[in-house]
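Q: Quick one: the structure is below, and I'll ask about it shortly.
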Amino acid sequence: MQGTFKRLVEVGRVVLVTHGEDANKIATIVEIVDHNRAIIDGPTTDVARQVISYKNLVLTDLVVKRLPRSVGTKALAKFLEKEQVVEAWQKTAWAKKLEARSRRAAMSDFERFKVMRLRKQQRSIVERQVALLKKERA
């Protein structure tokens, strides 16, 4: 029977940490503690093994299949390399959006000015081409 929820809390589910020192890093659920917490580990993304509340996590669509419960860090790293989880995450639109947001936040005032000028130039070129096409059709 198909339910409404697509992302379930399960061992092997890849999660995005939203708060704390590991914010915006991905990790994997290794063990479920109770209804409010899970043990996560991210050996490939420098997230230390820790108990964390579900309030500080967001479940992703990625799942590591056939991951045993309470797997060790080294074995988890092998599973993640074999499944190429980090590469799959980096290809998602979600990860690209987070990367763009952090890149934009790190820009200096002058870099933002340069981006504005380039966007104005691009808009001007597009408007000229659209005007030419409209003139040809008329």
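Q: Tell me the relative contact order for the chain as a rounded percent, counting alpha carbon contacts under 8 Å between residues six or more apart.
A: 18
Q: In addition: Quick check for you: with a 1.4 Å probe and neighbouring chains kept, what is the accessible area per residue of region 52-138, in Å²?
A: 84
Q: With +1 assigned to the C-beta of every Lys and Arg and -1 to the C-beta of every Asp and Glu, and no other charges, what is the dipole magnitude of region 1-116 about the Cα centre in debye, to the nearest 20?
A: It works out to roughly 300 debye.
Q: Here's something else I'd like to know. Give me log10 I(q)/I(0) at q = 0.10, 0.11, 0.15, 0.17 Å⁻¹ for the chain, Debye formula, one equal scatterer per alpha-carbon, no solvent.
A: At q = 0.10, 0.11, 0.15, 0.17 Å⁻¹ the computed log10 ratios are -0.50, -0.55, -0.77, -0.91.
Q: Still on this structure, I have one more. Give me the angle, in degrees from 0 to 90, between the Cα long axis of helix 109-137 and the longest principal axis of the Cα atoms of the chain, rounded to the nearest 10.
A: 60
Q: With point charges of +1 on the Cβ of Lys and Arg and -1 on the Cβ of Asp and Glu, referenced to the Cα centre of the chain, which listed residue (Gly12, Val85, Val47) lies farthest in the positive direction of the dipole?
A: Value: Val85.
Q: Each residue of region 70-81 in turn: what ³J(HN,Hα) in whole Hz from Karplus with 6.51, -1.76, 1.60 and θ = phi - 60°, glycine and Pro shown as x?
A: 6, 5, x, 5, 5, 5, 5, 4, 5, 4, 5, 5
Q: Using only DSSP helix segments of four residues or longer, with each worth -39500 (n - 2.57), what per-residue ellipticity at 222 nm results for the chain after dividing by its residue count and rounding to 500?
A: -14000 deg cm²/dmol
Q: Taking θ as phi - 60°, what are the ³J(HN,Hα) couplings along region 12-17 by the Karplus curve (6.51, -1.76, 1.60), each to the nearest whole Hz, with x for Gly and Pro?
A: Result, ordered by residue: x, 6, 7, 10, 10, 7 Hz.
Q: If you don't mind, there's one more thing I want to ask. Quantify, in whole percent, the carbon and sulfur part of the accessible surface of the chain (1.4 Å probe; protein heavy atoms only).
A: Carbon plus sulfur share of accessible area: 54 percent.
Q: What is the angle, in °, between the Cα long axis of helix 93-105 and the longest principal axis of the Cα atoms in the chain? Nearest 10 is fine, range 0 to 90.
A: The angle comes out near 70 degrees.
Q: Here is a follow-up. Run through region 1-98 and list the chymotrypsin sites (Phe, Trp or Tyr not before Pro) located in a DSSP loop whose Cβ has at most 13 other Cβ atoms within 10 Å.
A: The qualifying sites are Phe5.
The values are calculated or read from the model by the stated rules, or taken from the named source; none is laboratory data. No experiment lies behind these values; they were computed from the predicted model shown. Note: ideal-geometry Cβ built from the backbone for every residue, glycine included; neighbour counts use all protein chains shown. Heavy atoms of the whole protein, side chains included, go into the accessibility calculation; ligands, DNA and RNA do not. Shrake-Rupley method; radii C 1.70, N 1.55, O 1.52, S 1.80 Å.
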